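Here is the structure we will look at.
The values are calculated or read from the model by the stated rules, or taken from the named source; none is laboratory data. Keep in mind that this is a model prediction, so the values were computed, not measured. A quick note on method: Cβ atoms are made from the backbone with ideal geometry, for glycine too, and the neighbour counts reach across all protein chains shown. What goes into the accessible areas is simple: the full protein's heavy atoms, side chains included, and nothing from ligands, DNA or RNA. Shrake-Rupley method; radii C 1.70, N 1.55, O 1.52, S 1.80 Å.
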Amino acid sequence: METTVKDRPIVEKTKELCATLLEQPEVKTLRADMDAFLANEELRSGYDVLSMKGEALGQRQQMGLEIPPEEMAEFEKDRDAWMANDASIKFLESQKQMQRIQDEIHQFVSKTFELGRVPEMHDIDQHCNDCDCSS
């Protein structure tokens, strides 16, 4: 038997949760900070370049290849220049906060399946203590 959430009350309640999230002042602020960043082509492009460089450096490091100090210094210089912009910092912080909200929601849903009931805050707090969800 295949179980899906299509056309079930779960979809409507999930939509209600989504609407509630979008109404929260904190989420509106986070969204505005992210949108301001996304509207800035130069910052977005810089982010993409830094991400690709950082990923390439990380892969080389994982493969045990040595990264020349001047290459690392160039990456750090580029990163520092990109981070000198308030919109960049707000974007990264907004991403982190949005991820935190998603993680909290996921914890509640996961605990519901695990416990077979709606979890209480102490259930979530205990879960975080068990898995060190302090990020």
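Residue pairs exceeding 23 angstrom between C-alpha atoms, taken from 28/90; 13/111; 28/53; 90/111; 53/77; 6/28: 28/53; 90/111; 6/28.
So what's the gap between the Cα centers of segment 37-91 and segment 13-36, to the nearest angstrom? Answer, in whole Å: 28. Each residue of segment 79-85 was assigned a 3J(HN,Hα) from its phi angle through the Karplus curve 6.51 cos²θ - 1.76 cosθ + 1.60 (θ = phi - 60°); the sequence is 5, 4, 5, 5, 6, 6, 9 Hz, with glycine and proline shown as x. The orientation-averaged shadow of the Cα convex hull for the chain, equal to a quarter of the hull surface, comes to 12.9 nm². Per residue, the chain reaches -27000 deg cm²/dmol at 222 nm when only DSSP H runs of four or more residues are counted, each adding -39500 (n - 2.57). Against the chain, whose longest principal axis comes from its Cα atoms, helix 86-115 is set at around 30 degrees. Using only Cα atoms, tell me the angle between helix 41-62 and the longest principal axis of the chain; keep it within 0 to 90° and round to the nearest 10. Once rounded, the angle reads 90 degrees. Treating the beta-carbon of each Lys and Arg as +1 and of each Asp and Glu as -1, no other charges, what is the dipole magnitude of the chain about its Cα centre, to the nearest 20 debye? About 460 debye.
Solvent-accessible surface of the chain, taken per residue with a 1.4 Å probe and all protein chains present: 77 Å². For the chain, the longest principal axis of the Cα atoms and the long axis of helix 9-23 meet at an angle of about 50 degrees.
Computing the accessible area with a 1.4 Å probe over protein heavy atoms, can you report the carbon and sulfur percentage for segment 1-107? Roughly 55 percent of what the probe reaches on segment 1-107 is carbon or sulfur.
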